[in-house]
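The values are calculated or read from the model by the stated rules, or taken from the named source; none is laboratory data. Remember, predicted model here, so these are calculated numbers, not experimental data. All Cβ positions, even for glycine, are placed from backbone atoms using ideal geometry, and neighbour counts span all protein chains on display. Only protein heavy atoms, including side chains, enter the accessible area calculation; ligands, DNA and RNA are left aside. Shrake-Rupley method; radii C 1.70, N 1.55, O 1.52, S 1.80 Å.
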Amino acid sequence: MKKRLRLISIAFSISFAVMAALCLFALRQFSTLIDYSDQVDHTYQVISQIYLIENMLQEVDVNERGFMITRDSSYLNELFVINSKILPQTKELSALLENDRVQSRILTQLRSVLVERRDNIVANINYIDSAKTSALSPYFLKGQEATKVSSKYMDDLRKNEGSDLARKFENKMYYQQITFNTIRYLLTIFAGITIVLFLLMMRELKRRIIFQDELQNKISDLKRSHEELEQIAYAVSHDLQEPLRKIQIFSNRLLFVKKDAIDNESRTTLERINTSAARMQELIGDLMNLTSLVREESEEEVNLNTAIQIVTEDLDERIKEKGATIQIELLPTITGHSRQLQLLFKSILDNAIKFSREDTRPVVSIRYDRVSADELSNTFPEVTDQLFEKITIADNGIGFENKFINKMFRIFQSLHNKESGYSGKGIGLAICQRVMVNHSGYILAHGHPDVGATFILYFPASKS
């Protein structure tokens, strides 16, 4: 499944990269298309301005001739109005051609000719008003020559703009076609990738649904098997306890009834039978405690001070027998299972007393602190953004080698052999591990031979 998800992720990443590249390419082409469209529009504006100036010159010429023929002042008024607009119009054209050096130079020459034409018109009108002859004014002839030169300059401007227009229009159509094709390909690829990814996701979803159903069935089977094993363990433990009790009863009875008739070897054998039966009963009790930890129990607010007090009262005889000292700081209240927490502390304290050094009185210290997840980041990197109630239980017993840490929390794994003189059943720390899992917590341990052992419990702190 992880491989399929990885393939889907790779396919999605590649498709996203292709889509992004095509989008960037399309944007670039579209931007270029806009630039050429603006250039084409600019050229059209320039040509329009040239035609407008040319039309104004023609109207000036018509009104000048009309006044010369008819002496009608209406022609003269129109003449001066139009003549006053020509040079301002060339300024607008100059603003459009400011980035074109060739066209700007031609426009400058055109403006000088238009100024000359304007002066000729004024001089011609004054000459007509003052002259007594009907002969053509020399200023009129000069004005006509200036008009021809102006027409030539405007033809040059129009011709240059026309050649640029053809090139710009061709580029515009080229990039317009490229942009259209790019968008079309983009939509086609996008549709294809979307369909493929949709089919892959639907296929993966169907597989997940099937896997989920299978997982649910296996969970149901596992739960049923677990309940059956729990019933078997409960039945076996009760069935085993009865014959053990009878063994103890009959061996004790035999010791009592035949106390004067049996020899020392037989007495020793019966005592060993009693000791083994008692040890077997303790082992069965621990197994029952371990199997009971998998049952679902309702959570409650548990004061750890109260839980420790109950445990120390239960271990009171052993504490007095060993002369042990238990130092307890003020502990917090957590959300959990009271019975399980008592089993947890009982297992740890029982080990601290049991595995004490012969020449040293046991001293057990229980400390409390609230810490962040940083303390667990090296051992449990998945733990982040969490506060923990840290309970540290340290003793001055025989300790252990740290290389056995992973082994010590397994069931029936004891770090001390029978010849060492320490009787361990290998279940106590497995119970501790199970209790911490049930409380979504963590347990760590470290020790030093002949110095002592330290167990650290991390309970998730309440968000309140």
If you scan the range 161-176, which residues turn out to be open to solvent by 50 Å² or more (accessible area, probe 1.4 Å) and within 20 Å of Asn99 (Cβ to Cβ)? Ser163, Ala166, Arg167, Phe169
Identify the residue in the range 67-114 that is within 60 Å of the chain's Cα centre (by Cα) and acidic (Asp, Glu) and, among all such residues, is least open to solvent (accessible area, probe 1.4 Å). Asp100
Residues satisfying the stated conditions in the range 346-370, i.e. free of Cβ contacts under 8 Å to residues at least 24 places away in the same chain and assigned to a strand (DSSP E or B): Asp369
Looking only at the range 348-377, filter to residues that are within 20 Å of Asp450 (Cβ to Cβ) and of a type in the set (Lys, Arg); which one of those is nearest to the chain's Cα centre (by Cα)? Lys354
Go through the range 311-331 and count every residue that is touching a residue at least 12 places away in the same chain (Cβ under 8 Å) and farther than 12 Å from Ile366 by Cα. 9
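For Leu331, state whether it is at pLDDT 85 or above, closer than 23 Å to Glu299 by Cα, part of a loop (DSSP other than H, G, I, E, B) and of a type outside the set (Asp, Glu). It would help to see each step written out before you state the result.
On the way: at pLDDT 85 or above: yes; closer than 23 Å to Glu299 by Cα: yes; part of a loop (DSSP other than H, G, I, E, B): yes; of a type outside the set (Asp, Glu): yes.
Taking the combined requirement at face value, the residue satisfies it.
What do you reckon, is Ser356 small (Gly, Ala, Ser), open to solvent by less than 70 Å² (accessible area, probe 1.4 Å), modelled with pLDDT of 90 or more and farther than 18 Å from Val435 by Cβ? Spell out the reasoning first.
On the way: small (Gly, Ala, Ser): yes; open to solvent by less than 70 Å² (accessible area, probe 1.4 Å): yes; modelled with pLDDT of 90 or more: no; farther than 18 Å from Val435 by Cβ: yes.
Criteria not met by Ser356.
Would you mind finding the one in Leu107, Leu79 that is closer than 21 Å to Lys159 by Cα and in a helix (DSSP H, G or I)?
Details: Leu79 fails: closer than 21 Å to Lys159 by Cα.
Exactly one residue qualifies, and that residue is Leu107.
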Counted residues, the range 9-29 - those being surrounded by fewer than 16 Cβ atoms within 10 Å (Cβ to Cβ) and either closer than 30 Å to Arg167 by Cα or among the β-branched types (Val, Ile, Thr) (or both): 9
Please enumerate the residues belonging to the range 136-152 that are open to solvent by 60 Å² or more (accessible area, probe 1.4 Å) and either assigned to a loop (DSSP other than H, G, I, E, B) or of a type outside the set (A, V, I, L, M, F, W, C) (or both). Leu136, Pro138, Tyr139, Lys142, Glu145, Lys148, Lys152
